[in-house]
Amino acid sequence: RLAYNYYMEGLENKSVEELQKSIDLNPEDFETRQQMAELMASQGEYSKAQHQLEFIIQKNPGNIKARYELAGILASQNKFDDALGAYQNLLTLDPKQADAYYNMGLLYTRDNQAVKAEQYFRKAIETDPTLEAPYTSLGLIYEWEKNETQAIATYQALVKVNPDSAQAYQALGEL
C-alpha cells in the first residue's frame, strides 16, 4: 500500500524502493513483482520489467497476465520475433486472448506484413467480436490496399458492434 501511495503522489522512486523491500521479504510475491514490472515499464526500464516478468513466468508458467505484459514489453522494444513468440506462448495456454491476436496483428502491420496482420485482426474479431480495435485496424489495412468493398464491410460490422462508434461512421463517410 505504501508503494501505491507513493506512486499516486508522484514519488515513483520511493514506490520502487517499497516494492523492492516487499520483494526482498517475499521473492515469490508475484503480485508485487507484477506491480514492479508495470512501474519499470512505465519508466522505460524495459529490461528490469522484463526480468520481473520472466521470474514470475519461470515460477508460475500459467500466469497469463505476466505473459501478456512480457509480450507487450518485448514489442515496445521492437523485438519483433521475441514478442511474437511470447504472444504465441500465451495463446498456447489460453487461445481466447483476443488482445494477443490483435497485438500480433499490430506487430505484423509495423513489419509491413499486411496479409499476416489481416489474419490476426480477423482472428481477434473471431475470438471476441465485441473488441473494437481489430475492426478499425482491419479496415485501415483494406483502405491501404485500396479494397473499398472490404473496408466498408468491416466498418459496417463495427457499427453493428458499437452503433456509437464515431470512428466507424467517419471512415464510412470518407469511403
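The values are calculated or read from the model by the stated rules, or taken from the named source; none is laboratory data. What you see is a predicted model; the values in this text were computed from it and never measured. FYI the Cβ positions are ideal-geometry reconstructions off the backbone, even for glycines, and counts take in every protein chain you see. In case anyone asks, the SASA skips ligands and DNA or RNA and just uses the protein heavy atoms, side chains included. Shrake-Rupley method; radii C 1.70, N 1.55, O 1.52, S 1.80 Å.
Tabulated results
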{"quantity": "Trypsin sites (Lys or Arg not before Pro) restricted to DSSP loop in the range 1-74 with at most 16 other C-beta within 10 Å", "calculated": "R1"}
{"quantity": "Convex hull per residue volume in Å³, alpha carbons only, for the range 108-175", "calculated": "74"}
{"quantity": "FRET efficiency, 1/(1 + (r/R0)^6) with R0 45 Å, evaluated for E54 and V159 via beta carbons", "calculated": "0.60"}
{"quantity": "Cα-centred dipole magnitude for the range 1-140, charges only on beta-carbon of K, R (+1) and D, E (-1), debye, nearest 20", "calculated": "260"}
{"quantity": "Estimated FRET transfer efficiency (I64, R122; beta-carbon r; R0 22 Å; 0.05)", "calculated": "0.50"}
{"quantity": "The chain: relative contact order in percent, alpha carbon pairs under 8 Å with at least 6 residues between", "calculated": "10"}
{"quantity": "Residue among D111, D164, D128 with the largest mean-square fluctuation in a Gaussian network model of the chain, springs linking Cα atoms under 10 Å", "calculated": "D164"}
{"quantity": "Nearest-0.05 FRET efficiency for S47 and E9, computed from C-beta distance (R0 35 Å)", "calculated": "0.85"}
{"quantity": "Under the Karplus curve 6.51 cos²θ - 1.76 cosθ + 1.60, θ = phi - 60°, whole-Hz ³J(HN,Hα) for the range 105-112, x wherever Gly or Pro sits", "calculated": "x, 5, 4, 5, 5, 4, 8, 6"}
{"quantity": "Entries of K116/K160; K116/K146; K48/K96; K21/K59 with Cα pairs more than 22 Å apart", "calculated": "K116/K160; K48/K96"}
{"quantity": "Trypsin sites (Lys or Arg not before Pro) within the range 87-119, DSSP loop, no more than 13 other Cβ atoms inside 10 Å", "calculated": "K96"}
{"quantity": "Nearest-ten-degree value, helix 80-93 long axis tilted from longest Cα axis of the chain", "calculated": "90"}
{"quantity": "Whole-number accessible area per residue in Å² for the chain, which is evaluated in the context of all protein chains at 1.4 Å", "calculated": "57"}
{"quantity": "Shape of the chain, Cα gyration tensor, a/c cut at 1.5", "calculated": "prolate"}
{"quantity": "For the chain, with +1 on Lys and Arg beta carbons and -1 on Asp and Glu, the positive-most of Q113, F30, L131 along the dipole", "calculated": "Q113"}
